[in-house]
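The values are calculated or read from the model by the stated rules, or taken from the named source; none is laboratory data. Just so we're clear, the structure is a prediction, and the values are computed from it rather than from any experiment. Reconstructed Cβ throughout: ideal geometry from the backbone, glycine too, with neighbour counts over all protein chains shown.
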Amino acid sequence: MEKPLTQHIKPDVTPLTLKEYQKAGGYAGVQKALKTMTPTEVTNLVKASNLLGRGGAGFPTGTKWSLVPMDENSGQKYLVCNADEMEPGTFKDRYLLEGNPHQLIAGMIVAAYAIQAQTAYIFLRWAYKKAEAELRKAIAEAYDAGLLGKNILGTGFNLEMNVHSSAGRYICGEETALLNSLEGKRATPRTKPPFPAISGLFGRPTVVNNVETLCWLSHIVEKGAGWFKGLSLTETGGTKLFGVSGKVKNPGLWELPLGVTVREVLEEHAGGMLAGHGFRGLLPGGASTDFLIEQHLDVKMDFSTVAEAGSRMGTGTMIILDDKTCPVAFLHNIERFFALESCGFCTPCREGLPWVEKILAAIESGKGRMEHLDILKFQTKYLGPGNTFCAHAPGAAEPLQSGLNYFHDDFVSHINKQKCPWKS
């Protein structure tokens, strides 16, 4: 099984130098794109590959690029890498950044060439200090080798690349809030339309892509759309970095074909549950996704199939709920995080999430009432899609709405016993 994204990451996660990466075939896709293909041909190739964004939304990458104006008077454009990985339970981008930063740089050169952007930013999570150091070192190597800067590889294409360490807010995972932050403004989402591809950073056409998405691009250009599609077990192309955290024998991260089942990831790669711990459920793609339970273990991990099961694949990094952990406390911890991370821009999110958190705290501490369950159910609809300015509150509502469904008896037990049964 091919593992293009992780094949050159060493066990100790010490990244390859530029010379080592080039010796292993790195930057071959950059050479091919810049020297033998037009920007439109690169975009069409990425479209044909069916590369879906790996940041969580799963939007077609080539389609996003095709929205960027490409006429000769379109002026300054920007490429932004979203490396603000603050989704709870998610650590895939960190692994790529620390283990092979040149792979990301190569992908960003290809993407910037495709949309004809001459300035690129890596918007990095503030806590990723090692990743920042490795990125800056790799970027300096790329400049020295003529892979960044003026007249790259003698092709006349110019690209300046910058690392921006963020101040640290979950909302910066939303691309327009990220752009506001990058401009030095308060990190709140923007009204869409206009979309960033038309009016983004500093009002100019901008593409924002996730780290894992960008890491694919040089490989796809080098080996083709058919090769990429052949890596997957479903119609969606490629492999995916899948992670598991929680009470399992082997928590970690693995590059596997899209379409692998939840059961295989959990039992074969994560080793199954720890001795003495039973499985109750999991969040398949970080904290902002709906629970899947035992009946879903044979669901294929790809964007469409997980959606059919009532959740989202999101980042593909599973958080496991075991039978020794209180589901109410589990959800309270998640909703407290989302309440704290609300940007406060719209009323449902600003007022609704703290209300949800307080009710969950009351139920967990033995002060819950049956009417609290009706209020929580109402809030999952009030905070749902179409009622808030961005996807922050709807994402926060996903684990809550499914948790109220699958673990209803646990909520009732808390209320009837006026205490948390797990603490007795």
In segment 258-276, anything surrounded by fewer than 22 Cβ atoms within 10 Å (Cβ to Cβ), outside any helix (DSSP H, G or I) and not β-branched (Val, Ile, Thr) is listed as GLY259, GLY271, GLY272, MET273, LEU274, ALA275, GLY276
Residues in segment 127-143 that are without any contact (Cβ under 8 Å) to a residue 12 or more places away in the chain and either among the aliphatic types (A, V, I, L, M) or out of contact with any strand residue (DSSP E or B) (no Cβ under 9 Å at 6 or more places or on another chain) (or both) total 2
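Just for strands (runs of 3 or more DSSP E) wholly inside segment 76-195: which have at least 1 residues that are among the β-branched types (Val, Ile, Thr), assigned by TED's automatic domain parsing to the domain that holds GLY62 and closer than 24 Å to LYS240 by Cα? Talk me through it step by step, then tell me what you get.
Working: elements: 78-83, 119-124, 160-165.
Passing ranges, in order: 78-83, 119-124.
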Would you mind finding the one in ILE334, ILE320 that is among the aliphatic types (A, V, I, L, M), buried (at least 21 other Cβ atoms within 10 Å of the Cβ), outside any strand (DSSP E or B) and touching a helix residue (DSSP H, G or I) at 6+ places or on another chain (Cβ under 8 Å)?
ILE334
Check segment 244-252 and report whether any residue there is more than 30 Å from LEU274 (Cα to Cα), part of a loop (DSSP other than H, G, I, E, B) and touching a residue at least 60 places away in the same chain (Cβ under 8 Å).
no
Selection from segment 48-71 of residues surrounded by fewer than 17 Cβ atoms within 10 Å (Cβ to Cβ) and either charged (D, E, K, R) or part of a loop (DSSP other than H, G, I, E, B) (or both) yields ALA57, PHE59, LEU67, PRO69, MET70, ASP71
What's the number of the only condition in (1) polar (S, T, N, Q); (2) within 20 Å of GLY230 (Cβ to Cβ); (3) modelled with pLDDT under 95 that THR6 fails to meet?
(3)
